[in-house]
Amino acid sequence: QVQLVESGGGLVQAGGSLKLSCSASTSIFSIYAMGWYRQAPGKQRELVASFTSGSGRNLADSVKGRFTISRDNAKNTVYLQMSSLKPEDTAVYYCNARRYSTDSTIYEYWGQGTQVTVSS
(Lines give C-alpha, C1' and ligand atoms only; values in the text may rest on other atoms or scores of the structure.)
Protein backbone atom coordinates (compact mmCIF):
# COMPACT_ATOMS: atom_id res chain seq x y z
CA GLN A 1 0.00 0.00 0.00
CA VAL A 2 1.18 3.51 -0.84
CA GLN A 3 1.05 6.09 1.94
CA LEU A 4 1.27 9.83 1.26
CA VAL A 5 1.86 12.43 3.95
CA GLU A 6 1.51 16.18 3.33
CA SER A 7 3.09 18.92 5.40
CA GLY A 8 3.78 22.65 5.22
CA GLY A 9 0.30 24.13 5.46
CA GLY A 10 -0.62 26.98 7.77
CA LEU A 11 -1.88 30.54 8.07
CA VAL A 12 -0.33 33.20 5.86
CA GLN A 13 -1.19 36.77 4.86
CA ALA A 14 -2.18 37.63 1.30
CA GLY A 15 0.90 38.04 -0.85
CA GLY A 16 2.91 35.59 1.21
CA SER A 17 4.38 32.21 0.35
CA LEU A 18 4.20 28.60 1.52
CA LYS A 19 5.89 25.40 0.38
CA LEU A 20 4.00 22.12 0.72
CA SER A 21 5.68 18.72 0.81
CA CYS A 22 4.30 15.26 0.01
CA SER A 23 6.38 12.31 1.18
CA ALA A 24 5.69 8.81 -0.16
CA SER A 25 6.25 5.62 1.83
CA THR A 26 8.21 4.00 -0.97
CA SER A 27 9.79 4.74 -4.34
CA ILE A 28 6.77 5.15 -6.63
CA PHE A 29 7.52 7.96 -9.07
CA SER A 30 8.54 5.59 -11.86
CA ILE A 31 5.08 3.94 -11.68
CA TYR A 32 2.62 6.57 -10.41
CA ALA A 33 1.68 9.96 -11.79
CA MET A 34 1.82 12.63 -9.08
CA GLY A 35 -0.22 15.78 -8.54
CA TRP A 36 -1.69 18.30 -6.10
CA TYR A 37 -5.41 18.96 -5.60
CA ARG A 38 -7.31 21.31 -3.32
CA GLN A 39 -10.82 21.53 -1.90
CA ALA A 40 -12.45 24.61 -0.42
CA PRO A 41 -15.59 24.46 1.76
CA GLY A 42 -18.69 23.84 -0.35
CA LYS A 43 -16.69 23.19 -3.51
CA GLN A 44 -15.50 20.15 -5.45
CA ARG A 45 -11.93 18.99 -5.28
CA GLU A 46 -9.93 20.53 -8.12
CA LEU A 47 -6.60 19.84 -9.75
CA VAL A 48 -3.96 22.44 -8.94
CA ALA A 49 -0.77 21.05 -10.47
CA SER A 50 0.55 17.76 -11.81
CA PHE A 51 3.33 16.14 -13.79
CA THR A 52 2.43 15.04 -17.31
CA SER A 53 3.84 12.00 -19.07
CA GLY A 54 7.41 12.71 -19.96
CA SER A 55 8.89 15.89 -18.52
CA GLY A 56 5.95 18.31 -18.65
CA ARG A 57 3.89 20.01 -15.95
CA ASN A 58 0.25 21.07 -15.77
CA LEU A 59 -0.99 24.06 -13.75
CA ALA A 60 -4.52 25.31 -13.24
CA ASP A 61 -5.14 28.71 -14.85
CA SER A 62 -5.94 30.19 -11.45
CA VAL A 63 -2.43 29.47 -10.14
CA LYS A 64 -0.24 29.90 -13.23
CA GLY A 65 2.63 32.25 -12.54
CA ARG A 66 2.25 31.81 -8.79
CA PHE A 67 2.57 28.06 -8.03
CA THR A 68 5.27 25.58 -9.03
CA ILE A 69 5.32 21.78 -8.72
CA SER A 70 8.63 19.95 -8.32
CA ARG A 71 9.98 16.64 -7.05
CA ASP A 72 13.00 14.94 -5.54
CA ASN A 73 13.04 11.31 -6.69
CA ALA A 74 15.80 10.30 -4.29
CA LYS A 75 13.71 11.52 -1.33
CA ASN A 76 10.36 10.25 -2.70
CA THR A 77 8.97 13.75 -2.18
CA VAL A 78 6.82 16.10 -4.28
CA TYR A 79 6.63 19.82 -3.54
CA LEU A 80 4.19 22.63 -4.24
CA GLN A 81 5.76 26.09 -3.99
CA MET A 82 3.03 28.71 -3.57
CA SER A 83 3.74 32.42 -3.93
CA SER A 84 1.64 35.59 -4.14
CA LEU A 85 -1.08 33.81 -2.20
CA LYS A 86 -4.66 35.09 -2.34
CA PRO A 87 -7.60 34.54 0.03
CA GLU A 88 -9.26 32.41 -2.66
CA ASP A 89 -6.35 29.96 -2.38
CA THR A 90 -7.68 28.97 1.06
CA ALA A 91 -8.41 25.22 0.97
CA VAL A 92 -7.28 21.81 2.10
CA TYR A 93 -4.48 20.69 -0.21
CA TYR A 94 -4.09 16.99 -1.08
CA CYS A 95 -1.29 14.98 -2.64
CA ASN A 96 -2.35 12.37 -5.22
CA ALA A 97 -0.69 9.33 -6.80
CA ARG A 98 -2.31 7.51 -9.72
CA ARG A 99 -1.55 4.57 -12.01
CA TYR A 100 -3.42 2.55 -14.62
CA SER A 101 -3.47 -1.23 -14.92
CA THR A 102 -3.52 -3.16 -18.20
CA ASP A 103 -7.32 -3.56 -17.89
CA SER A 104 -7.73 0.24 -17.46
CA THR A 105 -8.42 0.00 -13.73
CA ILE A 106 -7.27 3.13 -11.91
CA TYR A 107 -5.28 2.77 -8.72
CA GLU A 108 -5.27 6.03 -6.79
CA TYR A 109 -3.93 7.11 -3.41
CA TRP A 110 -4.50 10.32 -1.44
CA GLY A 111 -2.78 11.99 1.44
CA GLN A 112 -4.79 13.17 4.45
CA GLY A 113 -4.52 16.81 3.40
CA THR A 114 -2.98 19.96 4.84
CA GLN A 115 -4.89 23.18 5.55
CA VAL A 116 -3.80 26.40 3.86
CA THR A 117 -5.49 29.60 5.06
CA VAL A 118 -4.75 32.97 3.45
CA SER A 119 -5.92 36.06 5.32
CA SER A 120 -6.72 39.45 3.81
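The values are calculated or read from the model by the stated rules, or taken from the named source; none is laboratory data. Not measured: the values here are computed from a predicted model. Neighbour counts run over all protein chains shown; Cβ positions are idealised from the backbone, glycine included. Surface accessibility is based on the protein's heavy atoms, side chains included, excluding ligands, DNA and RNA. Shrake-Rupley method; radii C 1.70, N 1.55, O 1.52, S 1.80 Å.
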Report summary line: Under a Gaussian network model of the chain whose springs join Cα atoms within less than 10 Å, the largest fluctuation of Ser62, Ser101, Ser50 belongs to Ser101
Query raised in the report: What distance in nm separates the simple spin-label points at Ser70 and Lys86, each placed 7 Å from Cα in the Cβ direction?
Result: 2.4 nm
Report summary line: Net charge (Lys, Arg +1; Asp, Glu -1) of residues whose beta-carbon lies under 14 Å from that of Ser70, Ser70 excluded, is +3
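Roughly how compact is region 44-99, stated as its Cα Rg over 2.2 N^0.38 Å to two decimals? Walk me through the numbers on the way to the answer.
Numbers: Rg = 11.9 Å, N = 56, 2.2 N^0.38 = 10.2 Å.
Cα Rg divided by the expected 2.2 N^0.38 Å: 1.17.
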**Report entry** Pairwise centroid distance, computed over Cα atoms, of region 37-105 with region 7-23, Å
**Finding:** 14 Å
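Rounded to a whole number, what % of the accessible area of the chain do carbon and sulfur atoms account for, probe 1.4 Å? Numbers along the way, then the final one.
Values: 2990 of 6730 Å².
On the chain, the fraction of accessible area on carbon and sulfur atoms equals 44 percent.
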Requested in this report: Apply the Karplus parameterisation 6.51 cos²θ - 1.76 cosθ + 1.60, with θ equal to phi minus 60°, to every residue of region 62-75 and state each ³J(HN,Hα) to the nearest whole Hz, in sequence, with x for glycine and proline.
Outcome: 5, 10, 4, x, 10, 10, 9, 9, 8, 8, 10, 4, 5, 9
Query raised in the report: For the chain, what does the equivalent ellipsoid look like in terms of its semi-axes, each the square root of 5 times an eigenvalue of the Cα gyration tensor, given largest first in whole Å?
Result: 25, 14, 14
